[in-house]
Structures are given as structure tokens and as C-alpha cells.
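Right, I'll just put the structure down here and ask away after.
What follows draws every value from the coordinates through simple rules; no lab data is involved. Please read these numbers as outputs of a predicted model, since none were measured by experiment. All Cβ positions, even for glycine, are placed from backbone atoms using ideal geometry, and neighbour counts span all protein chains on display.
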Amino acid sequence: MHEIREIHIGKLIQAKMKEQGRTNVWLARQIPCSPNHIYKIYNSPSINTEMLIRISKILDYNFFENFIEKG
């Protein structure tokens, strides 16, 4: 059975951005939204599913995999 893990999705997105060398302005342009909204995303432990899908596609990384612990 799979267990749902508690993670802070905003911190995970921020870490992936840093890993890829992307800027907040770059992500804001891709979404599109204001750079201030990017900081709100980083500080949020949860996120709207549609926004997470969009960010996953932009960063070419499936953030949804982080919620399921395979066992």
C-alpha cells in the first residue's frame, strides 16, 4: 500500500529552481504571474493542483511523485 508523505511543496519547488539555476523572474514569466507570487508559492506548504501541473511542465519535473512513498 502507498502512503501519502507530508512535504512542503513550496520548498521543493524552490530547491528545484535553484538546482536548475532558474530565477524567480524567469518562473514568473513562464507561469505567468508576478514575481511576488513566486515567493508566496515558495512559502506555501500546499499548492493548487493546476498550478503544480503547470510548474511541473515548466521545470520538466514531476512534483507529484514526491507525495507517494512506494513500498
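At most 13 other Cβ atoms within 10 Å and a DSSP loop assignment: could you name the GluC sites (Glu not before Pro) in the chain that fit?
E6
So, one more: Could you work out how much longer the chain between E19 and F67 gets when fully extended? Use 0.36 nm per residue separation minus the Cα distance between them, nm to one decimal. Before the final figure, lay out the partial values.
Values: separation 48, 0.36 × 48 = 17.28 nm, distance 1.96 nm.
Here the segment from E19 to F67 would lengthen by 15.3 nm.
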